[in-house]
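Below is one structure, written out as structure tokens; the observations come after it.
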Amino acid sequence: MLALLERLVTDEGGTYGMCDTDSMAIVATEHGGRAPCEGGPHRTDDGHEAVGALSWTQVDRIIERIDTLNPYDRTAVPNAILKKEDENYYGGKAQRRLYAYAISAKRYALYHLEPDGTPLLRKVSEHGLGHLLNPTNPDADDRNWIRHLWTSIVRRALGLEHDQPDWLPLPALTRVSLSKPGTLETFNDLNQGKPCAQQLKPFNFLLAAHVAPQEHPPGVDSTKFQLIAPYEPDRTKWLHLPWRNKLDGTAYALTCSETGLHSDVRATTYADTSRTYVHHAEDKSRCPHPDVDPKQAAGLLARRPVYLFEYRNIGKEANKIDERGANLEHDETLLTNDYGLDRHDWFSLHVGPGLGDIKAAVLAAHCGTSLRYIKAIRNQRAMPTKAIQCTLTNVVLNECSMMASGFERDCYEQSKVAAALRYSNASAEDVSP
């Protein structure tokens, strides 16, 4: 349906500011014409690059044409498939011109301009911000701080004065739930000696801090670093909480200023978030000028060409969606399921027969999975991820290394292990007699 809508708009000589899975913001004015836009195929009367703007009447006709595909009983579902959003009619029944400030597919603000040129925001996106605590009142459900931030972004883009909220210097934090035993163990020393009512318990709330890529302590693996602390609604105490790395329990001091101390970690602030938020590249599209940084580019985006280099079996699953959306999971290998080559190719390299010589309980312990899953892999009824493949292959390598030396080991190694090296991080020297 969205592809049909796009085709109808482009056939009329128009384009759109942004679209989502169920909506499209069509570039249109009351009478149509040209809208200034860098990279557009047309020119305005004063020579600026522009795109075609449809008229509101043309948009109405497109809505009517799409509605001919409506499969529902009109007496039960009288509304059209497409409808103009209420934001278009602010201030009365008559339609008003609506402006958009679009950063990427899901980061945008819609607004009207008052007679004096003041922008009046009608709708703002929370994408990329919704995971952060409300810095004005962490326990409040309202998201007015996001509208405040968008107001500053739009006013700055229009060259108007904009205020600086007092919460910009605060660390940008996310509230998470204490849902795993390993996370609770991180705070065992804090719980020690305290009455139950004062202890951290399963499903209590925690605070999670965000660290810029270049601000991690020296020698720390950034993919295995996530600072957490007990939940505290008082924002004046955030920098003084007992911050720990969730992955290994190491204690760190949180700061919002430059630091050279190994025990200090500079947190991303709301000011940092505000600066980077407006420079988010739309990676699914191509910017108008190839020599411009995609994070700084502006104008009419184009289709990004896609080239096929190889086939990878990745499945349709996505892991830890909430954690990724909140920027709390940093190890890319844990976010997607990469199954590598076909399961038959994996077994044809004699990894499968090698697994048959090892107890299923041993394999399950190494992989952190169930016996049932290991047995399904052995019977080729389940396709292990690339990470599990590498783990199982390395188990075979280690078991072979512990075998007695001699002809038997040489034959076993040649037939079951040498080819399996392609699936592991080990080198031939690691397993040679």
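The values are calculated or read from the model by the stated rules, or taken from the named source; none is laboratory data. The structure presented is a predicted model; accordingly, all values stated were derived computationally and were not measured. Every residue, glycine among them, receives a Cβ derived from its backbone with ideal geometry; neighbour counts consider all protein chains shown.
Check segment 301-318 and report whether any residue there is modelled with pLDDT of 80 or more and within 28 Å of Asp163 (Cβ to Cβ).
No, that holds for no residue.
List, please: which pairs have Cβ atoms under 8 Å, are six or more places apart or on different chains, and start with a residue in segment 290-306 that is touching a residue at least 60 places away in the same chain (Cβ under 8 Å) and under 15 Å from Ala105 (Cβ atoms) and end with one that is in a loop (DSSP other than H, G, I, E, B) and of a type in the set (Val, Ile, Thr)?
Qualifying pairs under 8 Å: Leu300/Thr15.
Within segment 73-92, which residues are under 21 Å from Leu5 (Cβ atoms) and part of a loop (DSSP other than H, G, I, E, B)?
Matches in segment 73-92: Arg74, Val77, Pro78, Asn79, Ala80, Ile81, Leu82, Lys83, Lys84, Glu85.
If only one of Glu85, Glu126, Glu114 is surrounded by fewer than 17 Cβ atoms within 10 Å (Cβ to Cβ) and closer than 23 Å to Ala298 by Cβ, which one is it?
After applying the criteria, what remains is Glu126.
Among the residues of segment 176-193, are any of a type in the set (Lys, Arg) and either in contact with a helix residue (DSSP H, G or I) (Cβ under 9 Å, 6 or more places away or on another chain) or modelled with pLDDT of 90 or more (or both)?
no
When you go through (1) part of a strand (DSSP E or B); (2) in contact with a Lys or Arg (Cβ under 9 Å, 6 or more places away or on another chain) one by one for Gln95, which number turns out not to apply?
With respect to (1) part of a strand (DSSP E or B); (2) in contact with a Lys or Arg (Cβ under 9 Å, 6 or more places away or on another chain), Gln95 is out only on (1).
For segment 373-387, how many residues meet the condition of being buried (at least 21 other Cβ atoms within 10 Å of the Cβ) and in a helix (DSSP H, G or I)?
2
Restricting attention to segment 60-82, does a residue exist that is loosely packed, with under 15 Cβ neighbours inside 10 Å, of a type outside the set (A, V, I, L, M, F, W, C) and within 33 Å of the chain's Cα centre (by Cα)?
no
Would you check if Asn70 is touching a helix residue (DSSP H, G or I) at 6+ places or on another chain (Cβ under 6 Å), outside any helix (DSSP H, G or I), without any contact (Cβ under 8 Å) to a residue 12 or more places away in the chain and at negative phi?
no
I need the helices (runs of 4 or more DSSP H) fully contained in segment 128-240, keeping only those with at least 1 residues that are under 23 Å from Ala267 (Cβ atoms) and in contact with a His (Cβ under 6 Å, 6 or more places away or on another chain).
144-157
Regarding segment 193-200, can at least one residue be identified that is of a type outside the set (Val, Ile, Thr) and in contact (Cβ under 8 Å) with a residue 12 or more places away in the chain?
Within segment 193-200 (the criterion being of a type outside the set (Val, Ile, Thr) and in contact (Cβ under 8 Å) with a residue 12 or more places away in the chain), the answer is yes, since at least one residue qualifies.
So, in segment 29-59, exactly how many residues are surrounded by fewer than 16 Cβ atoms within 10 Å (Cβ to Cβ) and not in a loop (DSSP other than H, G, I, E, B)?
Summing the residues that are surrounded by fewer than 16 Cβ atoms within 10 Å (Cβ to Cβ) and not in a loop (DSSP other than H, G, I, E, B) in segment 29-59 gives 6.
Report, by residue number, each residue of segment 349-396 that is within 20 Å of Asp338 (Cα to Cα), β-branched (Val, Ile, Thr) and modelled with pLDDT of 80 or more.
Thr369, Ile374, Ile377, Ile388, Thr391, Val395
Does segment 106-121 hold any residues that are in a loop (DSSP other than H, G, I, E, B) and not β-branched (Val, Ile, Thr), and which are they?
Lys106, Glu114, Pro115, Asp116, Gly117
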